[in-house]
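Written out below as structure tokens is the structure these notes cover.
The values are calculated or read from the model by the stated rules, or taken from the named source; none is laboratory data. Everything numeric in this text was worked out from a predicted model, so none of it was measured. We place every Cβ from the backbone using ideal geometry, glycine too, and count neighbours over all the protein chains shown. Please note that ligands, DNA and RNA were not included when accessible areas were found on the heavy atoms of the full protein model with its side chains. Shrake-Rupley method; radii C 1.70, N 1.55, O 1.52, S 1.80 Å.
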Amino acid sequence: MLYAERYHDISCGHRVCGHDGKCAHLHGHNYRIHFVCESPELDRLGRVIDFSVIKERLCAWVEERWDHRFLLWEDDPLAGQLARIERTLVLLPFNPTAENMARYLVEVIGPDVLIGTAARLVRVTVEETAKCSATYAAS
């Protein structure tokens with residue numbers, strides 16, 4: 001299998017509902033998100049996927065929907081109150097941990113935005129800091 005990887009940086013806030021430490025509070029990160037695409041064969045130019053396609057589809061998706069937004073689980077008890085005052089709130093179907101963000105990008109977003117390409121999004125790493133990251137790989 002052949003792989004192509006590109007990363008994209010975004011800044012956004014979140015809160016991890018149910019966390020027993022600092023992450024239970026409203027806070028934010030400068031995230032770095034690594035996208036890894038695979039293909040069983042190269043295109044006619046010898047590529048898994050053009051890096052600009054990763055940028056236009058995957059990087060643009062997170063830029064438009066998560067960058068400079070506040071990510072919150074739709075089941076978070078604060079969701080209703082924050083929705084009334086925060087215009088940049090994005091309600092998610094999962095608790096916004098780095099692990100869940102990575103899985104969502106691989107399982108839900110990748111298949112949707114890469115339609116029409118031979119490549120498949122197979123791994124995403126979400127870095128919250130230079131020291132802390134989580135990776136989800138498709139099975």
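Looking for whichever is within 15 Å of the chain's Cα centre (by Cα) and over 19 Å from C132 (Cβ atoms) here; the options are V48, V90. Which one fits?
After ruling out the rest, the residue left standing is V90.
Residues of the stretch 44-62 being part of a helix (DSSP H, G or I), basic (K, R) and out of contact with any helix residue (DSSP H, G or I) (no Cβ under 6 Å at 6 or more places or on another chain), which ones?
Initial filter on the stretch 44-62 (part of a helix (DSSP H, G or I)): 51-62.
Restricting the remaining residues to those that are basic (K, R) gives 55, 57.
Within the stretch 44-62, K55 is the sole residue that qualifies.
Within the stretch 14-31, identify whether any single residue is over 19 Å from T129 (Cα atoms) and of a type in the set (S, T, Y), and answer yes or no.
No - not one qualifying residue is present in the stretch 14-31.
Residues checked against (1) of a type in the set (K, R); (2) open to solvent by less than 10 Å² (accessible area, probe 1.4 Å):
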site: V62; (1), (2): no, yes
site: R65; (1), (2): yes, no
site: H68; (1), (2): no, no
site: V90; (1), (2): no, no
site: E99; (1), (2): no, no
site: T125; (1), (2): no, no
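Do we have any residue at all in the stretch 46-55 that's under 22 Å from D112 (Cβ atoms), touching a Leu at 6+ places or on another chain (Cβ under 6 Å) and either open to solvent by 60 Å² or more (accessible area, probe 1.4 Å) or not acidic (D, E) (or both)?
Yes.
Residues F94, F35: which one is open to solvent by less than 80 Å² (accessible area, probe 1.4 Å), in a strand (DSSP E or B), closer than 25 Å to A138 by Cα and touching a helix residue (DSSP H, G or I) at 6+ places or on another chain (Cβ under 8 Å)?
Testing whether each residue is open to solvent by less than 80 Å² (accessible area, probe 1.4 Å), in a strand (DSSP E or B), closer than 25 Å to A138 by Cα and touching a helix residue (DSSP H, G or I) at 6+ places or on another chain (Cβ under 8 Å) leaves just F35.
Just checking, how many residues over the stretch 114-133 are over 16 Å from E5 (Cα atoms) and either of a type in the set (A, V, I, L, M, F, W, C) or part of a helix (DSSP H, G or I) (or both)?
So the count comes out to 3.
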